[in-house]
Amino acid sequence: MVADEIDKTNDDGNNNDIRNSQCQLPVEAKRILHCLASNWNNVIDSKAIEVLKLKGALTNQVYQIIWPTDIGSKSRTVLVRIYGEGLEVFFDREDEIRTFECLSKHGQGPRLLGRFPNGRVEEFIHARTLSAADLHDKEISALIAVKLREFHDLDLSGPRNTPLWQRLRSWLKTAQQLCSLEEAKQFQLDTLEEEIDTMERKLSHNNQTIGFCHNDLQYGNIMIDAEIRTVTIIDYEYATFNPVAYDIANHFCEMAADYHTDTPHILDYSKYPEFEKRKQFVKKYLSSSGSEPSGDDVKQLLQDVEKYTLASHLTWGLWGIISDHVNEIDFDYMEYARQRFQLYWLKKPIILVSS
């Protein structure tokens with residue numbers, strides 16, 4: 001999928017580009033921070049905060065907040081997230097908050113510490129956000145596979161339907177409303193409803209596994225604790241129940257991206273994992289349940305994952321078109337969308353040849 005939100009939420013000073021920028025914070029956020037710190041005995045001054053803006057967010061502004069503490073005592077730090085403009089076209093913020101709180105109760109990700117009108121305060125995770133290269137590291141990839149299976153198997157309430165296709169149709173309508181005639185023609189938007197119908201028909205089958213999916217598993221949404229070698233999945237704005245093959249496909253597609261270069265919108269599809277690496281990931285994913293998967297199970301999931309890369313290209317192609325019209329962040333969304341659709345049309349006849 002695409003990098004919807006690349007937050008460098010870690011304690012590596014090299015990722016900070018603004019220091020002591022309290023003016024960036026809304027008054028409501030400052031009140032929450034003061035209230036939190038007032039309950040911590042080791043904070044010297046609850047209002048004497050240090051604010052570090054974290055690099056890399058494509059849709060939100062993200063800040064690390066640090067308080068001065070007594071010498072030798074535990075440091076105090078939290079994360080403030082200020083929501084970007086125009087995101088309501090992609091997801092419902094209240095649904096996302098409910099998901100955030102629910103996952104927190106299940107021991108996933110950071111805790112929610114407070115909310116204000118255009119953002120929230122979260123627990124700060126003292127871990128390193130992954131880099132693009134990390135996704136190709138064999139050991140780290142295995143950790144991600146195990147964590148993703150754990151995430152998919154979460155016993156959450158709600159209907160286990162597949163909102164993927166409904167989301168695609170909704171985003172298509174939004175893109176058609178926002179686009180000029182020239183843009184609509186360039187991206188063949190008038191043909192995409194039929195494409196979505198075809199993908200739903202070709203990719204859906206009764207035996208596919210439905211789980212709680214992240215739906216945006218790019219490297220900036222994964223953190224690793226280097227000491228204990230555990231990974232944490234963060235940022236659940238797009239999380240829903242979906243076919244697990246779609247989530248894995250989305251993750252594989254993200255291996256073609258590096259959002260921290262001079263051209264963050266450019267994909268290098270030569271970095272898409274080769275067959276043996278995909279097989280290793282799928283085998284680790286399936287075996288993490290405690291039993292060795294059959295060869296047929298591995299083969300079937302690999303086939304399903306490859307097919308769902310097409311749905312990933314459609315999803316993030318439409319996301320790119322819409323983002324170009326609603327987001328002011330300096331990122332070439334249209335070129336990103338063009339690449340995703342180009343990959344869709346290129347790969348479709350190859351992937352579906354045996355379907």
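The values are calculated or read from the model by the stated rules, or taken from the named source; none is laboratory data. Owing to the predicted nature of the structure, the values given are computational and were not obtained by experimental measurement. We place every Cβ from the backbone using ideal geometry, glycine too, and count neighbours over all the protein chains shown. Side chains are part of the model used for accessible areas, which takes the heavy atoms of the whole protein and leaves out ligands, DNA and RNA. Shrake-Rupley method; radii C 1.70, N 1.55, O 1.52, S 1.80 Å.
Filter the strands (runs of 3 or more DSSP E) completely within the stretch 1-68 down to those with at least 3 residues that are of a type outside the set (Phe, Trp, Tyr) and modelled with pLDDT under 85.
16-19
Looking at Thr232, is it touching a Gly at 6+ places or on another chain (Cβ under 8 Å) and not small (Gly, Ala, Ser)?
Working: touching a Gly at 6+ places or on another chain (Cβ under 8 Å): yes; not small (Gly, Ala, Ser): yes.
So Thr232 passes the test.
Taking the stretch 168-220 only, how many residues are among the small types (Gly, Ala, Ser), out of contact with any Gly (no Cβ under 7 Å at 6 or more places or on another chain) and open to solvent by less than 40 Å² (accessible area, probe 1.4 Å)? Before you say what the answer is, go through the steps one by one.
Residues of the stretch 168-220 that are among the small types (Gly, Ala, Ser), as a first pass: 170, 175, 180, 184, 204, 211, 220.
Keeping just the survivors that are out of contact with any Gly (no Cβ under 7 Å at 6 or more places or on another chain) gives 170, 175, 180, 184, 204, 211.
Right, trim to open to solvent by less than 40 Å² (accessible area, probe 1.4 Å) and you get 175, 184, 211.
The qualifying residues number 3.
Does Ser141 qualify as being open to solvent by 10 Å² or more (accessible area, probe 1.4 Å), over 27 Å from Glu328 (Cα atoms) and free of Cβ contacts under 8 Å to residues at least 12 places away in the same chain?
On the way: open to solvent by 10 Å² or more (accessible area, probe 1.4 Å): yes; over 27 Å from Glu328 (Cα atoms): yes; free of Cβ contacts under 8 Å to residues at least 12 places away in the same chain: no.
The answer is no for Ser141.
How many residues are open to solvent by less than 10 Å² (accessible area, probe 1.4 Å) and over 23 Å from Val282 (Cβ atoms) if we restrict to the stretch 224-238?
Going through the stretch 224-238 one residue at a time, the tally reaches 2.
Go through (1) open to solvent by less than 30 Å² (accessible area, probe 1.4 Å); (2) among the hydrophobic types (A, V, I, L, M, F, W, C); (3) out of contact with any strand residue (DSSP E or B) (no Cβ under 7 Å at 6 or more places or on another chain) one by one and return the number of the condition Val146 breaks.
With (1) open to solvent by less than 30 Å² (accessible area, probe 1.4 Å); (2) among the hydrophobic types (A, V, I, L, M, F, W, C); (3) out of contact with any strand residue (DSSP E or B) (no Cβ under 7 Å at 6 or more places or on another chain) applied to Val146, the lone miss is (1).
Gln64 - would you say it is open to solvent by less than 20 Å² (accessible area, probe 1.4 Å), in contact (Cβ under 8 Å) with a residue 12 or more places away in the chain and closer than 29 Å to Gly158 by Cβ? Break it down stepwise before answering.
Values: open to solvent by less than 20 Å² (accessible area, probe 1.4 Å): yes; in contact (Cβ under 8 Å) with a residue 12 or more places away in the chain: yes; closer than 29 Å to Gly158 by Cβ: no.
Against the criterion (open to solvent by less than 20 Å² (accessible area, probe 1.4 Å), in contact (Cβ under 8 Å) with a residue 12 or more places away in the chain and closer than 29 Å to Gly158 by Cβ), Gln64 does not qualify.
Being more than 30 Å from Glu335 (Cα to Cα), part of a loop (DSSP other than H, G, I, E, B) and out of contact with any Leu (no Cβ under 6 Å at 6 or more places or on another chain) is true for just one of Glu237, Glu227, Glu276. Which residue is that?
On the way: Glu237 fails: more than 30 Å from Glu335 (Cα to Cα); Glu276 fails: part of a loop (DSSP other than H, G, I, E, B).
Exactly one residue qualifies, and that residue is Glu227.
Gly290 fails exactly one of the following numbered conditions: (1) exposed (fewer than 14 other Cβ atoms within 10 Å of the Cβ); (2) under 24 Å from Asn206 (Cβ atoms). What is the number of that condition?
It fails just one condition, (2).
Of the numbered conditions (1) of a type in the set (A, V, I, L, M); (2) without any contact (Cβ under 8 Å) to a residue 12 or more places away in the chain; (3) in contact with a His (Cβ under 9 Å, 6 or more places away or on another chain), Ile228 fails exactly one; give the number of that condition.
All conditions are met except number (3).
So in the stretch 124-138, with the set limited to residues that are open to solvent by 10 Å² or more (accessible area, probe 1.4 Å) and under 14 Å from the mean Cα position of the chain (by Cα), which one is farthest from Lys277 (Cα to Cα)?
This residue is Ser131.
In the stretch 310-343, what count of residues is obtained for those that are of a type outside the set (S, T, N, Q), in a helix (DSSP H, G or I) and within 21 Å of Gln177 (Cβ to Cβ)? Steps first, please.
So in the stretch 310-343, the residues of a type outside the set (S, T, N, Q) come out as 310-311, 313-314, 316-322, 324-326, 328-338, 340-341, 343.
Going one step further and asking which of them are in a helix (DSSP H, G or I), we end up with 310-311, 313-314, 316-322, 324-326, 333-338, 340-341, 343.
Those still in the list that are within 21 Å of Gln177 (Cβ to Cβ) too: 314, 316-322, 324-326, 333-334, 336-338, 340-341.
Residues that pass the stated criteria total 18.
Quickly run through the stretch 241-275 and pick out the residues that are under 16 Å from Leu154 (Cβ atoms) and either open to solvent by 30 Å² or more (accessible area, probe 1.4 Å) or in contact with an Asp or Glu (Cβ under 8 Å, 6 or more places away or on another chain) (or both).
Pro243, the sole residue that qualifies.
Restricting to the stretch 142-167, count the residues that are among the β-branched types (Val, Ile, Thr) and within 16 Å of the chain's Cα centre (by Cα). Outline the logic, then answer.
From the stretch 142-167, those among the β-branched types (Val, Ile, Thr) are 144, 146, 162; that's our starting set.
Now restrict to residues that are within 16 Å of the chain's Cα centre (by Cα): 144.
Of the residues in that region, 1 qualify.
Starting from the stretch 297-313, keep only residues that are closer than 15 Å to Lys202 by Cβ and touching a residue at least 60 places away in the same chain (Cβ under 8 Å), then list their pairs with residues that are open to solvent by less than 10 Å² (accessible area, probe 1.4 Å) and not in a helix (DSSP H, G or I) whose Cβ atoms are within a distance under 7 Å, requiring at least 6 positions of separation or different chains.
Tyr308/Pro243; Ser312/Met1
Which of the residues that make up the stretch 316-349 are under 26 Å from Glu276 (Cα atoms), surrounded by 17 or more Cβ atoms within 10 Å (Cβ to Cβ) and polar (S, T, N, Q)?
If the condition is that a residue be under 26 Å from Glu276 (Cα atoms), surrounded by 17 or more Cβ atoms within 10 Å (Cβ to Cβ) and polar (S, T, N, Q), then Gln339 is the only one that fits.
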